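The values are calculated or read from the model by the stated rules, or taken from the named source; none is laboratory data. Bear in mind the structure is a predicted one, so any value in this text is a computation, not a measurement. A quick note on method: Cβ atoms are made from the backbone with ideal geometry, for glycine too, and the neighbour counts reach across all protein chains shown.
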4 protein chains.
Amino acid sequence: MVLTSKEKPPNPEQMMTIFTTGGTIDKVYFDAKSEFEIGDPMIGEVLREANVTPTFEIRQLMRKDSLELTDADRQIIFEAVAECASERVIITHGTDTMVKTAQVLAPLAKQRTIVLVGSLSPARFRNTDAVFNIGFAMGVVQALSHGVFVTMNGCIFHPDHVVKNRTANRFEAV
Amino acid sequence: MVLTSKEKPPNPEQMMTIFTTGGTIDKVYFDAKSEFEIGDPMIGEVLREANVTPTFEIRQLMRKDSLELTDADRQIIFEAVAECASERVIITHGTDTMVKTAQVLAPLAKQRTIVLVGSLSPARFRNTDAVFNIGFAMGVVQALSHGVFVTMNGCIFHPDHVVKNRTANRFEAV
Amino acid sequence: MVLTSKEKPPNPEQMMTIFTTGGTIDKVYFDAKSEFEIGDPMIGEVLREANVTPTFEIRQLMRKDSLELTDADRQIIFEAVAECASERVIITHGTDTMVKTAQVLAPLAKQRTIVLVGSLSPARFRNTDAVFNIGFAMGVVQALSHGVFVTMNGCIFHPDHVVKNRTANRFEAV
Amino acid sequence: MVLTSKEKPPNPEQMMTIFTTGGTIDKVYFDAKSEFEIGDPMIGEVLREANVTPTFEIRQLMRKDSLELTDADRQIIFEAVAECASERVIITHGTDTMVKTAQVLAPLAKQRTIVLVGSLSPARFRNTDAVFNIGFAMGVVQALSHGVFVTMNGCIFHPDHVVKNRTANRFEAV
């Protein structure tokens, strides 16, 4: 996409919708239970700390590890995206089955830019990929006009051409 | 840009070049001098912590507050970008005159994607926009095919249509 | 303890021994296993980042949630402290049964200062009590001449006069 | 100080007073001015994040680099400490002349425990000694009964037996 001085980049005034579904990105530790659970979504806090000016809304759909997402859950995600008015959608999601959810959303690609993102380290950690990944996803969702994409490890993947390499703990193009 | 299953997103195997010029993003505090200076560039550390897989090289051009950049400095930046083989270039830069440098680079837009990014808070700070901004810039530089862009506050700006609003401390489209 | 100009505070040149036993303070997230485990002890990294100059050695005894510590484990801890040459000992420990371990160590109080400390949030978290608690414990272990103490929530507790209030998630004097 | 089961450690119910005077510990970056200044004191935020339970009050006396403190400033600090009801006082202070201020406070040592602390890296930094140092100072101020102390680099120093080694950027006993 070549922008001449007559063209302007995508209008940041159009609202973007962010759906949260759970995953490592939102994990928090509850000492009283001696265990980690998925806590309140962190993406809003990350966007505020970065002083982003585009308008966005955040809607929590569920709080699940992505290994526990069912077909019914994916249907909920599909319908939420289908019904929402925004052309630009980010979905925070566990990384284990992110690709599967992305593929389910393919029919919605014609009129929207849909980006799925998560992280391998919780956003609440001192050292994490979460903040970078959220920034990367925000950049991609504004730059690309239509399609469904998975963004991890600083790469933009097409859902039909990516796998999570569980041994190496990263996403790779195939 | 619509991606069908036959098309793949930009190839992460192509190396990207990152030029660093200074700015708030790299500021560090030297207690012995009771002052802050621009330290070693932080972008490499940010990309490593985020586990990005695309290949990149980092080349430091200078370490200046952007208010102190001269026409000669901008010429150095121009020539470095013109001579580099990468099609995708990120330049970390102080925010005060980032737009001016972006405009100087306009002739190089035909065959490259050039993204200028900085931050209003140093990357070494606990609370900072730096990490998000670097992620955002990485997403944009891979998603857009050609052009020169300024990426701040979660927006993609064309260099002829943006100003830094110094009172509100943010970038705005004009 | 009143220090006059003739007296000097405890000699930082004497080595201090730090025993690590596990607990929340060292929890780390393993994405590949979708779970949190006790990782490498963090106290060394915390002390280095704080530029502490007293000499210390760190010896890992075990990596357990303190609810899983057995009498045999406490015997291991007892013997390790009894045999070590240092007069000043810090033990990082899970908070749930820290008081019990402190009471077991009571016979060793005559010739040593022994401080048990942990945290309610992992040291690897961005927001945590771990760093403050480690600093607090280091201050106490150098300031008090003999005894066994539990240090949590910015308080110095005698092992016979403290409980962990699990509902309020804090330690309280009784 | 040996604590037997009949003795309890210092009562955390007695309020502690914290005076803030400035220094590196509170430095913040103002991008609009392209410079760093001393910002709001950070110690309250640090204590809240650590969930400390003892009662404390924070009183800001000034916001200066300690190289800029005058005899008049030290008189202000002296009078503030002399007039305050608390037996336990922490003073956050720039490190360059912390020892001098500590010596000025010597006459107040008989009835109070006064601890001076600062940091070589701002508390707002991601990597900092500030949080550890504040914890250390809180531990010392509760453990020692009377006296004036300087606490830096994980050591307790008597004001007449310490210098800041500016080349090595640390405090050393002399």
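Can you tell me how many residues within the stretch D:49-58 are surrounded by fewer than 16 Cβ atoms within 10 Å (Cβ to Cβ), more than 14 Å from D:Gly22 (Cβ to Cβ) and within 16 Å of the chain's Cα centre (by Cα)?
1
Of all residues being of a type in the set (Val, Ile, Thr) and under 16 Å from A:Pro54 (Cβ atoms) in the stretch B:137-153, which is farthest from the other protein chains (Cβ to nearest Cβ)? Just the residue, please.
B:Val150
I need the full set of residues from the stretch D:136-148 which are touching a helix residue (DSSP H, G or I) at 6+ places or on another chain (Cβ under 7 Å) and either among the aliphatic types (A, V, I, L, M) or closer than 17 Å to C:Arg126 by Cα (or both), in order please.
The answer is D:Ala137, D:Met138, D:Val140, D:Ala143, D:Leu144, D:Val148.
Give the residues of the stretch A:62-100 that are aliphatic (A, V, I, L, M) and more than 18 Å from A:Ile134 (Cα to Cα), sorted by residue number.
A:Met62, A:Leu67, A:Leu69, A:Ala72, A:Ile76, A:Ile77, A:Ala80, A:Val81, A:Ala82, A:Ala85
Charged (D, E, K, R) and under 21 Å from A:Met42 (Cβ atoms): which single residue out of A:Asp160, A:Asp71, A:Asp96 fits that description? Let's see the steps before the verdict.
Values: A:Asp160 fails: under 21 Å from A:Met42 (Cβ atoms); A:Asp71 fails: under 21 Å from A:Met42 (Cβ atoms).
That would be A:Asp96, the only listed residue that is charged (D, E, K, R) and under 21 Å from A:Met42 (Cβ atoms).
Any idea which of D:Ile114, D:Ile91, D:Ile156, D:Ile134 is within 11 Å of chain C (Cβ to nearest Cβ) and under 10 Å from the mean Cα position of the chain (by Cα)?
So the residue among D:Ile114, D:Ile91, D:Ile156, D:Ile134 that is within 11 Å of chain C (Cβ to nearest Cβ) and under 10 Å from the mean Cα position of the chain (by Cα) is D:Ile134.
Based on this model, can you work out whether B:Ile43 counts as surrounded by 12 or more Cβ atoms within 10 Å (Cβ to Cβ), closer than 24 Å to A:Gly135 by Cβ and β-branched (Val, Ile, Thr)?
For B:Ile43, the condition - surrounded by 12 or more Cβ atoms within 10 Å (Cβ to Cβ), closer than 24 Å to A:Gly135 by Cβ and β-branched (Val, Ile, Thr) - is met.
From the list A:Ile43, A:Ile91, A:Ile77, which one is closer than 14 Å to A:Met138 by Cβ and touching a Leu at 6+ places or on another chain (Cβ under 8 Å)?
A:Ile91
For C:Val81, state whether it is part of a helix (DSSP H, G or I), within 9 Å of another protein chain (Cβ to nearest Cβ) and of a type in the set (Val, Ile, Thr).
Spelling it out, it is not the case that C:Val81 is part of a helix (DSSP H, G or I), within 9 Å of another protein chain (Cβ to nearest Cβ) and of a type in the set (Val, Ile, Thr).
In the stretch C:59-115, how many residues are surrounded by fewer than 20 Cβ atoms within 10 Å (Cβ to Cβ), among the charged types (D, E, K, R) and in contact (Cβ under 8 Å) with a residue 12 or more places away in the chain?
The total comes to 9.
If I filter the stretch A:115-126 for residues that are over 25 Å from A:Gln75 (Cα atoms) and of a type in the set (D, E, K, R), do I get at least one hit?
yes
Filter the stretch B:13-61 down to residues that are part of a helix (DSSP H, G or I) and within 14 Å of chain A (Cβ to nearest Cβ), then give me how many there are.
9
Quick test of your reading of the structure: C:Pro122 fulfils all but one of (1) touching a Lys or Arg at 6+ places or on another chain (Cβ under 6 Å); (2) more than 10 Å from chain D (Cβ to nearest Cβ); (3) surrounded by fewer than 24 Cβ atoms within 10 Å (Cβ to Cβ). Name the failing condition by number.
Status for C:Pro122: all satisfied but (3).
For the stretch C:131-165, give me the residue count where each residue is out of contact with any Ser or Thr (no Cβ under 8 Å at 6 or more places or on another chain), free of Cβ contacts under 8 Å to residues at least 24 places away in the same chain and more than 24 Å from C:Ala82 (Cα to Cα).
2
Which of the following residues is at pLDDT below 95, closer than 30 Å to B:Gly23 by Cβ and not hydroxyl-bearing (Ser, Thr, Tyr): D:Val46, D:Val28?
Result: D:Val28 is the single residue among D:Val46, D:Val28 that is at pLDDT below 95, closer than 30 Å to B:Gly23 by Cβ and not hydroxyl-bearing (Ser, Thr, Tyr).
Just a yes or no: is a residue in the stretch D:73-90 closer than 26 Å to C:Ala50 by Cβ, touching a helix residue (DSSP H, G or I) at 6+ places or on another chain (Cβ under 7 Å) and of a type in the set (Gly, Ala, Ser)?
No, every residue in the stretch D:73-90 fails to be closer than 26 Å to C:Ala50 by Cβ, touching a helix residue (DSSP H, G or I) at 6+ places or on another chain (Cβ under 7 Å) and of a type in the set (Gly, Ala, Ser).
Assigned to a helix (DSSP H, G or I), closer than 24 Å to A:Pro107 by Cβ and in contact with a Leu (Cβ under 8 Å, 6 or more places away or on another chain): does that describe A:Ala72?
No.
D:Arg166 fails exactly one of the following numbered conditions: (1) surrounded by 20 or more Cβ atoms within 10 Å (Cβ to Cβ); (2) charged (D, E, K, R); (3) more than 7 Å from chain C (Cβ to nearest Cβ). What is the number of that condition?
(1)
Identify, by number, the condition in (1) modelled with pLDDT under 95; (2) over 23 Å from D:Gln142 (Cα atoms); (3) in contact with an Asp or Glu (Cβ under 6 Å, 6 or more places away or on another chain) that C:Ser5 doesn't meet.
Among (1) modelled with pLDDT under 95; (2) over 23 Å from D:Gln142 (Cα atoms); (3) in contact with an Asp or Glu (Cβ under 6 Å, 6 or more places away or on another chain), C:Ser5 violates only (2).
Can you name every residue in the stretch A:30-89 that is closer than 30 Å to C:Thr167 by Cβ and aliphatic (A, V, I, L, M)?
A:Ala32, A:Ile38, A:Met42, A:Met62 - these are the residues of the stretch A:30-89 that are closer than 30 Å to C:Thr167 by Cβ and aliphatic (A, V, I, L, M).
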